[in-house]
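Undergrad: Have a look at this one.
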Amino acid sequence: MREARRRGDELNMSEEELAFYDALEVNDSAVAVLGDETLRTIARELVDTIRNNLTIDWTLRESVQAKLRVMVKRILRKYGYPPDKQKKATETVLEQAALICKRPDRNLKPL
């Protein structure tokens with residue numbers, strides 16, 4: 001936990017942004033093609049988008065999950081995330097969002 005906070009401070013990112021950044025950074029080709037700064041920008045936009053579109057029962061409602069999935073894919077395409085890796089990245093981002101929302105100290109609060 002301390003290590004994550006330290007990395008977040010170094011990268012000037014919140015815990016949530018860092019979680020999404022790490023989810024995207026797993027793909028080596030994305031890092032090579034996009035670079036750190038673009039991945040940070042994507043992570044920030046993902047946090048904003050997900051935060052603004054969550055509902056209380058979003059993990060149970062397929063329609064909300066589908067809407068978020070489309071939004072995440074649009075963001076990835078917008079920044080040139082490798083197309084062959086977008087599906088996996090999208091699923092990883094949504095899994096990460098669900099984990100963050102389950103934490104009692106979460107910042108991604110549903111509407």
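The values are calculated or read from the model by the stated rules, or taken from the named source; none is laboratory data. Not measured: the values here are computed from a predicted model. With ideal geometry, Cβ positions are generated from the backbone for all residues, glycine too; neighbour counts draw on all protein chains shown.
Undergrad: Tally time: how many residues in the range 56-79 are surrounded by 12 or more Cβ atoms within 10 Å (Cβ to Cβ) and hydroxyl-bearing (Ser, Thr, Tyr)?
TA: Qualifying residue count for the region: 2.
Rundown of residues vs (1) under 16 Å from Glu95 (Cβ atoms); (2) at pLDDT 75 or above, yes/no style:
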| position | (1), (2) |
| --- | --- |
| Ser14 | no, yes |
| Asn27 | yes, no |
| Thr59 | yes, no |
| Val64 | yes, yes |
